[in-house]
Structure formats: C-alpha cells, structure tokens
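Undergrad: Handing you a structure now.
The values are calculated or read from the model by the stated rules, or taken from the named source; none is laboratory data. Computed from a prediction, not measured in an experiment: that's the story for all the values here. Cβ atoms come from the backbone with ideal geometry, glycine included; neighbour counts cover every protein chain shown. Keep in mind that these areas ignore ligands, DNA and RNA; they rest on the heavy atoms of the full protein, side chains included. Shrake-Rupley method; radii C 1.70, N 1.55, O 1.52, S 1.80 Å.
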Amino acid sequence: MTDMTGMTKQEERELAKRLVAEIGRMAETAGRKLRFMEVCGTHTVAIFRAGLRQMLPENVELVSGPGCPVCVTPDDYMDKAITYALREDTIITTFGDMLKVPGSKSSLMEAKAEGADIRIVYSPLDSIQVARDNPDKKVIFLAVGFETTAPTAAATVLAAKQQGIDNLYMLSAQKLVPPALRALLNDPEVRVDGFILPGHVSVITGTDVFSFLTEEYHMPGVVTGFEPLQILRSLYRLMQQVTKGEARIENEYGSVVHKGGSPAAQRATDLVYEPADAAWRGIGVIPMSGLRMRDSFAAYDIERLLPLDVPMGRNKPGCRCGEVLRGIVTPKECPLFGKACVPTHAVGPCMVSVEGVCAAWYKYGQGRFSYGR
C-alpha cells in the first residue's frame with residue numbers, strides 16, 4: 001500500500017477508502033465473523049475517536065483487551081495505596097488518573113478529601129524533589145503501568161540511590177503485556193483472530209517478545225501506531241494473514257519500533273525489577289506477568305518496609321469490567337454502564353481512566369466517521 005509520509009488530507013481520505021474497501025473484499029471471503037483485539041488504551045481511544053468500528057464490514061469486529069494499566073489494577077493495590085496515604089508520615093505521588101480508581105471501599109480522591117497528602121506528578125522522577133523537600137516524610141510513588149513506564153520508575157530508584165535519598169519508595173504494580181496475551185489465548189471464553197499490538201510498549205520491548213503468538217498459537221499480530229490510517233493499515237495486514245491462513249508478527253510502526261526495542265530502557269528495568277506473578281483485575285493472577293523490586297533494591301520497596309495485610313478485592317455487584325477487559329462483552333452489555341457507572345461516579349475502573357474501554361464507549365458512543373465525508 002501507499003506510504004503515508006507527506007500525504008495531504010484528501011490523499012489520506014482516499015487511502016482510507018481503499019483500505020476499507022480491501023478489508024471488505026477480504027472479509028467477503030472469510031465465511032465467518034473475524035475479531036481483532038487491541039491491547040492498548042491509546043488505541044482504544046483512537047479507534048473510537050475516528051469511528052473506525054463503523055467503517056468496517058459487519059463481519060469484522062474490533063474488541064478491546066486489557067490495555068489500560070489503571071483498569072487492570074486490582075482493588076487490593078488501591079486499598080494498600082489508600083492505607084499508606086492516610087498515614088501522617090506519608091506523601092503519595094501518583095499520576096492523576098489513579099485518584100478516582102475505586103478500591104474496595106473508597107478511592108485516593110476520598111482519602112485526599114480526608115486530609116491525606118496526595119500529589120499528582122507528571123513523571124516518577126518528580127517524586128525525587130518531593131522527597132528531598134520533605135525529609136521527614138515517606139514519599140511513595142504509585143508505580144502502575146506496563147513496560148512503557150517501568151523504565152522511568154526504575155530510573156527514579158537508581159537516581160534516588162545515587163543521590164542518597166532514603167525516604168523515597170515504590171508501591172509497585174507494573175504489568176507485562178506478553179503474559180497477558182498468553183492468558184487471553186488460554187481462556188476458552190476469549191476468541192480473537194489477531195492482535196493490534198501496542199506501539200508504546202513495543203518501543204521498549206521490541207517485536208521479538210510477541211513471537212510466541214505465531215509459534216505457539218498461530219496467531220497474527222501487527223505492532224501499530226496511533227493514527228487512524230496506521231490502525232486501518234494494520235487491520236489490512238491482519239486480514240491478509242487471516243484470509244491466507246498465515247501468522248506473522250508485522251510492524252506498522254517501524255519509524256519508532258525496532259526488533260530489539262530499547263536496550264537502555266530494558267537494562268534499567270532489569271537492574272531494579274524482576275518478573276513475578278501478578279493479579280490483573282478481571283483476569284486473575286497471571287504467572288510472571290508483573291514486576292517486583294529485586295532484593296538489592298528492597299530499601300525502596302514500601303511493602304517490605306511497612307507490609308500490609310490487605311485482602312484481595314472482590315468484584316462489585318453488577319460490574320462486568322472483568323469481562324469487558326477480556327473482550328467477552330462490550331460495555332453496553334453491563335447493566336451499570338451509563339446508569340450507576342458514569343465517569344463522574346465510576347463503579348468499575350474501566351470507566352475511570354481516559355484510556356478505559358467503558359470511558360471511551362461513554363464519551364464517543366458509536367464514534368464519528370472521520371474519513372470519506
């Protein structure tokens with residue numbers, strides 16, 4: 001297909017029409033409904049914003065997977081964060097989208113209203129200055145994210161150690177994408193024909209980490225950027241593979257994603273963290289799908305300094321967030337969606353984050369047909 005570099009808006013529209021037409025032509029030969037899953041919250045929002053679902057043939061369906069790190073963070077992690085936040089000797093630093101994530105009984109926003117010192121930062125590295133300015137406080141950064149943010153959290157720990165800062169800690173809940181994909185493919189309730197693979201994560205990991213999809217499951221995947229045309233081109237590539245019975249990992253984001261990823265970011269993460277079993281909201285515990293701090297950095301792990309006995313959270317009655325995160329149901333099939341659960345009063349985490357599936361459905365509805373009009 002045509003290279004997108006330097007294209008005019010009209011040329012983009014024409015290419016989009018051709019891609020949709022080719023996808024439709026291949027769909028006619030499929031003989032069944034095809035389902036492709038994106039596992040990145042930014043892709044979820046981009047797909048809704050552009051109205052891509054409405055452009056596709058009826059037998060080609062896009063479903064959203066567990067691509068929002070906030071959404072897959074379980075209740076017990078939030079309960080721990082809230083418990084630490086309510087200590088008088090503690091300052092919590094966090095990204096803003098964590099404030100409204102519900103725990104089993106409350107949220108960080110409610111804890112802040114009760115007087116907890118909770119500060120929004122734009123990078124984990126900002127926590128170093130907070131710790132330096134408050135030497136009598138324990139400063140805890142809520143380290144939530146995928147492979148994309150783990151290197152920055154690791155770099156923060158390394159910088160704190162180098163600078164002799166001994167009152168900065170991590171409450172870690174980083175997740176790894178490849179084990180989650182394996183768990184989805186092993187789930188008998190989940191049916192997908194290919195993956196729109198995350199671009200941001202792949203910048204760090206490279207493309208080789210996804211080779212198990214083809215080798216073990218004969219499942220195609222395309223690493224994808226975030227422009228509508230990039231997503232359409234990835235769907236075109238996936239359709240080509242599926243209709244030919246092929247399975248490869250392809251790269252539609254070659255301008256920034258390389259086979260080996262970012263060795264420097266990988267080294268920083270590996271120095272501070274090691275793989276560990278982790279709980280994913282709506283999926284359960286996935287072996288070796290998370291990161292925990294190595295023994296050599298235990299002094300920066302708040303759970304080792306001040307361990308908490310917090311029970312595992314339970315799903316809230318009526319909330320189907322777990323099924324939404326596995327692509328089994330759409331948000332509109334949840335009885336709470338748009339009623340008891342709205343962005344201003346979210347019951348489940350999928351409605352909290354701007355990258356959450358339910359939040360995207362609520363904000364964009366059926367989306368807009370952005371090309372061809």
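Undergrad: Which pairs have Cβ atoms under 6 Å, sit 6 or more apart or on different chains, and link a residue in region 17-31 that is within 9 Å of PRO57 (Cα to Cα) to one that is modelled with pLDDT of 95 or more and assigned to a helix (DSSP H, G or I)?
TA: Listed by first residue and then by second, the contacts come to ILE23/LEU235; ILE23/TYR236; ILE23/MET239.
Undergrad: Cβ-Cβ below 6 Å, separation at least six or inter-chain, first residue in region 285-309 and without any contact (Cβ under 8 Å) to a residue 12 or more places away in the chain, second surrounded by 13 or more Cβ atoms within 10 Å (Cβ to Cβ): which pairs?
TA: Once the first residue is without any contact (Cβ under 8 Å) to a residue 12 or more places away in the chain and sits in region 285-309, its partners that are surrounded by 13 or more Cβ atoms within 10 Å (Cβ to Cβ) give VAL285/ALA279; ALA298/ARG304.
Undergrad: While we're looking at this one, here's another question. Scan THR93, THR148 and give me the residue that is within 27 Å of TYR236 (Cα to Cα) and of a type in the set (Val, Ile, Thr).
TA: Unique residue meeting the criteria: THR148.
Undergrad: OK, next. How about region 223-246: which of its residues are open to solvent by 10 Å² or more (accessible area, probe 1.4 Å) and either in contact with a strand residue (DSSP E or B) (Cβ under 8 Å, 6 or more places away or on another chain) or closer than 17 Å to LEU19 by Cβ (or both)?
TA: If the condition is that a residue be open to solvent by 10 Å² or more (accessible area, probe 1.4 Å) and either in contact with a strand residue (DSSP E or B) (Cβ under 8 Å, 6 or more places away or on another chain) or closer than 17 Å to LEU19 by Cβ (or both), then PHE226, GLU227, PRO228, GLN230, ARG233, TYR236, ARG237, GLN240, VAL242, THR243 are the ones that fit.
Undergrad: Hey, PRO220 hits all of (1) open to solvent by less than 50 Å² (accessible area, probe 1.4 Å); (2) over 23 Å from ARG18 (Cα atoms); (3) not charged (D, E, K, R) but one; which does it fall short on?
TA: All conditions pass for PRO220, except number (2).
Undergrad: Looking at GLY6, GLY51, which one is at pLDDT below 95 and under 18 Å from TRP361 (Cα atoms)?
TA: Just one listed residue meets the conditions, GLY51.
Undergrad: Between a first residue in region 81-99 that is at pLDDT 95 or above and surrounded by 15 or more Cβ atoms within 10 Å (Cβ to Cβ) and a second residue that is of a type in the set (Val, Ile, Thr) and in a helix (DSSP H, G or I), which pairs have beta carbons less than 8 Å apart while being 6 or more apart in sequence or on different chains?
TA: Qualifying pairs under 8 Å: TYR84/ILE302; ILE91/VAL130; THR93/VAL130.
Undergrad: Sticking with this one: Inspect region 310-324 for any residue being modelled with pLDDT under 95, of a type in the set (D, E, K, R) and not in a loop (DSSP other than H, G, I, E, B) and give the result as yes or no.
TA: yes
Undergrad: Checking ALA111 against (1) hydrophobic (A, V, I, L, M, F, W, C); (2) farther than 29 Å from GLN266 by Cβ; (3) surrounded by fewer than 20 Cβ atoms within 10 Å (Cβ to Cβ), which test does it fail?
TA: Condition (3) is where ALA111 drops out.
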